[in-house]
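Derivation of every value follows stated rules applied to the coordinates shown; laboratory data play no part. Predicted, not measured: the structure shown is a model, and the values here were computed from it. For neighbour counting, all protein chains shown are included, and Cβ atoms are generated from backbone atoms with ideal geometry for every residue, glycine included.
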Amino acid sequence: MDADCEDEDALKRNVERILSSQICATSRKLYRRLQKNFILWNMKFKREVVSEKLAHQLEHVDEQHARKLIDDFVGDIPDSSNPPLKMNMINASLMEEFVLSVTNLKSDLKSSTLNSYRSAFINMFRDYRITMADATKQEISSFFKGLKRRDANNASMGITKITTGKDPLQFSLYRKISEIMLRSDKKEHIFGRCVLVISWNLMCRVSNSINICFSHLEWIEDALGIYFAHMKNDQMGERPRDARRIYANSDKPEICPILSLAIYLLCFPIDKSSNYLFPGENQYIR
């Protein structure tokens, strides 16, 4: 009987793990941070919305300790039967009040940034297997459309910056950075240049480059072909598998992807225990 219960618990954990895998690790980490902000805000202004068990733990502790307690309460894989908030009490008005309180603290936040909160709310309902009411979805959608219109008006009047995000890396600066790192004997520069040059030639995000495996590489005549298992706009990996090709550049060795890869492999011997081209923890942060 005990063995049957253990098997059932293991199956339940596997189901929760598979459901949670709908969101990539990076997005889940972001959503978790934003959800913690929401929980702490409710603890301060709407205590009755917080789970009694969690609310009792969060009383009389500082914010840093409270965040740690929330992490412990939720766990790596959320338990759908034990949410940190009383989900039936979370409505559109509550979420909108919270988002507005965030904008009051940081008035320069763009609606695209605040949209992450919307995704975090939706993910929280999904994690705890609660269906968000259609009326709530519609009101939240209208609210964020209003935020976008407000941002557009503020930009048109010069109240906020008209450009968003990071400035593009100019080709001349890209060449200069690559040249400086090519002349350096520091291993961090060798690693950094290889990731930079490969990302530029593949026209991809760094998060894609650091996940390249040796099994994703193949020579296609005079080009090095690199396959992507999935991308930001293809999370399920459903698109056709066509290799992206990169070529040697003998005229400008500082930005030659084949040379940068060769130098990298000479300085960082292949780790036979890993299939990754760039093995190690937190390579994206590196």
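For the chain, the longest principal axis of the C-alpha atoms and the axis of helix 134-156 are separated by about 60°. Region 108-181 and region 240-281 have Cα centres spaced 33 Å apart. In the chain, the longest principal axis of the Cα atoms and the axis of helix 25-45 are about 30 degrees apart.
Taking the number of other C-beta atoms within 10 Å as the exposure measure, put GLU218, GLU96 in order starting with the fewest. Each step should come with its number before you reach the end.
Values: GLU218 11, GLU96 17.
Ordered by Cβ neighbours within 10 Å, fewest first: GLU218, GLU96.
In the chain, helical runs assigned H by DSSP with n ≥ 4 each contribute -39500 (n - 2.57); averaged across all residues and rounded to the nearest 500, the mean residue ellipticity at 222 nm is -18000 deg cm²/dmol.
What does the C-alpha gyration tensor say about the overall shape of region 112-218? Classify as rounded when a/c is under 1.5, otherwise prolate if a/b is larger than b/c, or oblate. Oblate shape, in that a/c is at least 1.5 and b/c is the bigger or equal ratio.
Here each label is just a point 7 Å from Cα along the line to Cβ, and for ASP71 and HIS56 those points are 2.4 nm apart.
Which of these, ILE258, ILE159, ILE90, has the largest mean-square fluctuation under a Gaussian network model of the chain (Cα springs below 10 Å)? Highest fluctuation among the options: ILE159.
Extension gain, ASN91 to LEU217: 0.36 nm times the residue separation minus the Cα-Cα distance gives 40.5 nm. Summing +1 for each Lys or Arg and -1 for each Asp or Glu among the other residues whose beta-carbon sits under 12 angstrom from that of ARG286 gives -1. Rounding to the nearest 10 and keeping the result within 0 to 90°, find how far the Cα-based axis of helix 171-183 lies from the longest principal axis of the chain. So the inclination is approximately 70 degrees.
Is there a quick way to get the dipole size of the chain? I mean about its Cα centre, with the Cβ of Lys and Arg at +1 and of Asp and Glu at -1; what is the value in debye to the nearest 20?
Dipole about the Cα centre, nearest 20: 1320 debye.
A simple rule links phi to the HN-Hα coupling: the Karplus curve 6.51 cos²θ - 1.76 cosθ + 1.60 with θ = phi - 60°, which for region 242-258 gives 10, 6, 8, 10, 10, 10, 5, 10, 6, 6, 10, x, 5, 10, 7, x, 5 Hz, with x for Gly and Pro. The smallest convex shape that holds all Cα atoms of the chain, its convex hull, gives 213 Å³ per residue. Please report the base-10 log of the normalised intensity I(q)/I(0) for region 171-267, using a Debye sum with one equal scatterer per alpha carbon and no solvent, at each q in 0.15 (1/Å). Each listed q corresponds, in turn, to -0.60.
In terms of distances greater than 23 angstrom between alpha carbons, the cross-link table entries LYS46/LYS86; LYS44/LYS148; LYS36/LYS161; LYS36/LYS137 yield LYS44/LYS148; LYS36/LYS161. With springs connecting C-alpha atoms under 10 Å apart, model the chain as a Gaussian network and identify which of VAL102, VAL50, VAL61 has the largest mean-square fluctuation. Fluctuation is largest for VAL61.
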